[in-house]
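Inspection log for the structure reproduced underneath, given as structure tokens.
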Amino acid sequence: MIFARRVAGVTARLLLLGIVVFGGQQMAILPVSVQGNVAVVSPVYFDVGTCAQVAGWSWIRPDCRQYADWVFTGIDARTVSPDDPYVYVNLGALVTNGVNGGSGWGTQVGLEVWVVQRLEDIVGLVEPTGKRLVDRSAVLLENHFRPQMEADTQGVGYQAWADAIRVGAEDVAKYSAVYGPLIVVRVERLGAARGHPEHIAVNAASVSLSFHRSP
């Protein structure tokens, strides 16, 4: 279930399944999905400003804000296996060459990972308040679909994926204790600054965190 909420002057999407309170503020909790020794963490908050929504996807393109945020509750580093001591950021999105675009297009995006205390420390802010753990200026969203088409393919061949970004579980634990319990992933469209035509669509499920869980 999805509810809209005003935070820092923008509308963010609250993904509601249970409620927890951080700093006097209600937030949703979604359960961690565990399959074998792999844990996948879903976001509790997703915000992409006023970007247009089409069939459940929000399109980051020249006529709106150029980034989206996903907020996760903190991860207990003690549950991350010492044999693979990382939390991985998984990112998939839709990419095409413009409005009503074609198939087979990829692009580069910026990607940051933060830990913050409250939603107001990140949502809608160009410069968040907290600790930045990852700052990648050119993450490739790779699209293997062929043929590559400039004409409208009505969504066929839009899916693109990035290689997983890893964050040290010890860093998450250390800085979360100081800067706050929320982990934030921010993805930024770079086309506006680099003259690229690609449009990027995301939704709440576009980003997840995963890790090798201790047995």
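Scanning the stretch 176-215 for residues being surrounded by 20 or more Cβ atoms within 10 Å (Cβ to Cβ) and among the aromatic types (Phe, Trp, Tyr) gives a total of 1. Selection of the stretch 125-148 for residues being within 27 Å of Leu94 (Cβ to Cβ) and not in a strand (DSSP E or B) yields Leu125, Val126, Pro128, Asn143, His144, Phe145, Arg146, Pro147, Gln148. When Ala177 is tested against (1) modelled with pLDDT under 95; (2) in a loop (DSSP other than H, G, I, E, B), only condition (2) is not met. Considering the stretch 146-160 alone, what residues qualify as being closer than 18 Å to Ser206 by Cα and surrounded by 16 or more Cβ atoms within 10 Å (Cβ to Cβ)? Across the stretch 146-160, the qualifying residues are Gly155, Gly157, Tyr158, Gln159, Ala160.
The values are calculated or read from the model by the stated rules, or taken from the named source; none is laboratory data. The model shown is predicted, which means the values in this text are computed figures rather than measured ones. In this analysis, Cβ positions are derived from the backbone assuming ideal geometry, glycine residues included, and neighbour counts consider all displayed protein chains.
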